[in-house]
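A short write-up of the structure that comes next.
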Amino acid sequence: MNRILIDTNIIIDLLAQREEFYNEAAELFSLSDKNEIKLHISSLTFANTNYVLSRQKSAKEAREILRKFKVLVEVLNLDDKIIELALSDEKFSDFEDGLQYYSAIENEVDLILTRNKKDFKNSKLPVLTAKEYLASE
């Protein structure tokens with residue numbers, strides 16, 4: 001079973017129901033719900049997603065959405081080693097992308113799914129969009 005790190009943008013596509021990207025995100029999480037794939041997110045993603053949702057909904061609604069969502073994913077810890085690796089790696093101009101990447105590496109994830117593949121152009125792991133991944137299954 002594939003172990004997949006889901007980047008924040010795909011999670012927000014699902015939870016904020018971004019029209020253009022929602023169906024692909026929903027299909028991914030449906031596969032997770034059926035235990036056909038194992039989805040992972042970094043703990044940072046939870047904080048970032050809460051921030052985005054709280055701007056669109058009440059804080060209470062955002063937390064309830066996240067509470068329901070949490071059963072579909074495994075949350076990966078963000079520790080000192082991952083932070084050090086991301087701080088030391090200048091190939092990632094966006095620090096958050098470095099944290100995502102090293103969370104995947106340190107937790108032996110098989111691939112990364114994102115809508116912004118260019119953010120992970122130096123990745124040693126395969127990087128796909130949700131659409132590409134679903135087409136390959």
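The values are calculated or read from the model by the stated rules, or taken from the named source; none is laboratory data. Computed from a predicted structure; not experimentally measured. Cβ: placed from backbone, ideal geometry, glycine included. Neighbour counts: every protein chain shown.
Residues considered: K38, K57, K91. Of these, the only one that is under 14 Å from the mean Cα position of the chain (by Cα), of a type in the set (K, R) and either surrounded by 15 or more Cβ atoms within 10 Å (Cβ to Cβ) or within 19 Å of L128 (Cα to Cα) (or both) is K38. Residues of the stretch 62-81 include at least one that is of a type in the set (V, I, T), exposed (fewer than 15 other Cβ atoms within 10 Å of the Cβ) and without any contact (Cβ under 8 Å) to a residue 60 or more places away in the chain. Taking S30, is it closer than 15 Å to L125 by Cβ and small (G, A, S)? When the stated conditions are applied, S30 does not pass them. Scanning the stretch 43-54 for residues that are surrounded by 14 or more Cβ atoms within 10 Å (Cβ to Cβ) and either more than 20 Å from I105 (Cα to Cα) or modelled with pLDDT of 95 or more (or both) yields a count of 6.
Taken over the stretch 1-32, the criterion of being under 12 Å from the mean Cα position of the chain (by Cα) and either at positive phi or small (G, A, S) (or both) is satisfied by A25 alone.
The condition of being aliphatic (A, V, I, L, M) and within 17 Å of H40 (Cα to Cα) does not hold for L87.
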